[in-house]
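Structure record follows, encoded as structure tokens.
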Amino acid sequence: MEIIKTRQRRPGGIKSEVKQKYAHPLQFYSLPPEETISLQEFEEFAVERLKVLKAVETASVRHVRGSTEYVAYLEKEIKNTKFKSLLKVSYGGEVKEDEMDARRLDHISHFILRLAYCRSEDLRRWFLQQELDLFRFRFQRQKKDSHLSFLKINNLGYKPIPDEEKTKVLPYLVACDTPARVEVNEYYKVHFTEALDLVRGKRVYLERGFAFVAQDDLASILLSVYRTRLSHALAVTCRALPHLEEDDRLLPMLCGLSKRYLGQDYNNKKTNVGQITADMIDLLSRTSFPPCMQQLHQGLRSNHHLKHGGRMQYGLFLKGIGLSLDEAMKFWRAEFVKGMDPDKFDKQYSYNIRHNYGKEGKRADYTPYSCMKIIMSNTPGQGDSHGCPFRHCDGDLLRQKLRAQNIAKDAIDEISKFAKEGHYQLACGRYFDASHNISGDNVETSINHPNQYFEESQNIRKDGGKKLNTPNPGRVIRVSASQNSQAVKTASQLTDTQNTGLDEMEDDFPMEELDSMLQETQ
Ligand code: SF4
């Protein structure tokens, strides 16, 4: 089938079947797309929706859903994506091409992410929540005529109660709502199970198992319908997925999507290469490294060694901050030879370092790991120092570590809460704010990449205008074997639910090539 580039003008305007297919700005995504699209488009569409869903997630953590700040944040974020035309609130009249393209993008991208996010319970839960929030946000922006037409197009069969019935129950409706709202709203009579949110919030009048829902609250009913349909669809897609696994082009892309990092890659091709030397790292680790890298640095200094996962995570991060190959070799060698024969280092470990810099093997210039990659893959085992402390440490140990770094109690409470709820990057952002004396009611710093953390920290410290709180390096908490195994167990429990075998695939690094060449144990 024809592939239509987003910004191309169509000769003869938009086809009538396209108009019919995307007659409304909102969809329940009942029918899968039947077009043929290129792999490049497939990936672009997925990434674009992922950006929107991640913004939806961040908005709901930072602000109360539906609040002015929430709406403003989402509008701002969506305007930076190809979904921006979907922010239009007009309904009816001629639909412009850009809007129609956005509706098509909305449709296709939803189904691509369904494939990527149906694979495990955790992924399904995340996707469902963000899709529901996105639907609510978009539905509430629409006007009344658009709401009614959405009900009609989707054969939802909800009809307003007649005026006589409304008059009969008027005193009860007023008891649940303001008289002004009751007067202007039409009411829908639905089974109470379809409006559980409203029943729970005592915001509806109930009579013989039926709830009287105001038109303003219609979103609650539709969300309930959408939740049921999408949950079912995700389960069905998951069962059908094994058939897709034969396709070796789509599979790696789908597996990588849930760990996808959407920002800058922070390899050291940029201007900072050579600006950092081996002897600066101790100081920088105390002032500007994120907790994951502080932990690796401490592990290396204490044991004069890091296992493979730690060397990869830390080595590529150091490369990203500007450590040249010569300086990296000097840094790693100086520490490793404190615990082993220099010959052994030269034979077994120097290859690994040169490989990171694209001087061995495939000679690829590997990029530092993003937060998503660190959080979602290669769970640390006993004796490992890699991973993300907010994800891989148990709650008590995390608090202990934060206290040891003189982080204020209210910040520790917030960080622990974010970490407990699975918002690891927001926990890191709050840690960043606390350790850089940035205050405010809401979390302001959003961390997506350890090298972004480093750059932002350096920018603030270069400004020098603030008295900064340097984490106390002398009081780094060591993780005992029992604490570590507990932390690892917690992480494994989470990971077990996520792994379907597909998550094990690396999306941007040939681990097997390195592993077979290095054959390194301890
Ligand atoms: Fe490191 Fe990212 Fe975890 Fe922060 S959120 S500790 S930068 S992996």
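Quick notes on this one:
- Yes/no for K420 being modelled with pLDDT of 70 or more, more than 14 Å from the ligand (Cβ to nearest atom) and under 17 Å from the mean Cα position of the chain (by Cα): yes
- Extreme residue, farthest from the chain's Cα centre (by Cα), among residues of the stretch 391-406 that are within 14 Å of the ligand (Cβ to nearest atom) and without any contact (Cβ under 8 Å) to a residue 60 or more places away in the chain: L402
- Failed condition for Y369, given (1) under 22 Å from Q298 (Cβ atoms); (2) touching a helix residue (DSSP H, G or I) at 6+ places or on another chain (Cβ under 8 Å); (3) touching a residue at least 60 places away in the same chain (Cβ under 8 Å); (4) not in a loop (DSSP other than H, G, I, E, B): (4)
- Spans of helices (runs of 4 or more DSSP H) in the stretch 37-128 with at least 1 residues without any contact (Cβ under 8 Å) to a residue 40 or more places away in the chain, touching a Lys or Arg at 6+ places or on another chain (Cβ under 9 Å) and β-branched (V, I, T): 68-79
- Residues located in the stretch 14-63, provided they are open to solvent by 50 Å² or more (accessible area, probe 1.4 Å) and at pLDDT below 85: K15, S16, E17, K19, Q20, K21
- If you filter the stretch 175-203 down to residues that are assigned to a loop (DSSP other than H, G, I, E, B) and in contact (Cβ under 8 Å) with a residue 24 or more places away in the chain, you find that the one that is surrounded by the fewest Cβ atoms within 10 Å (Cβ to Cβ) is K202.
- Residue selected from the stretch 352-378 under the condition more than 13 Å from the ligand (Cβ to nearest atom) and of a type in the set (S, T, N, Q), by the criterion most open to solvent (accessible area, probe 1.4 Å): T367
- Identity of the residue in the stretch 204-220, in contact with a Lys or Arg (Cβ under 9 Å, 6 or more places away or on another chain) and among the small types (G, A, S), that ends up surrounded by the most Cβ atoms within 10 Å (Cβ to Cβ): A211
The values are calculated or read from the model by the stated rules, or taken from the named source; none is laboratory data. A quick note: this is a predicted structure, and the numbers were derived from the prediction, not measured. Counting neighbours? That spans all protein chains shown, and the Cβs are built from the backbone with ideal geometry, glycine included. Each accessible area value is taken on the protein alone, full model and side chains, heavy atoms only, with ligands, DNA and RNA left out. Shrake-Rupley method; radii C 1.70, N 1.55, O 1.52, S 1.80 Å.
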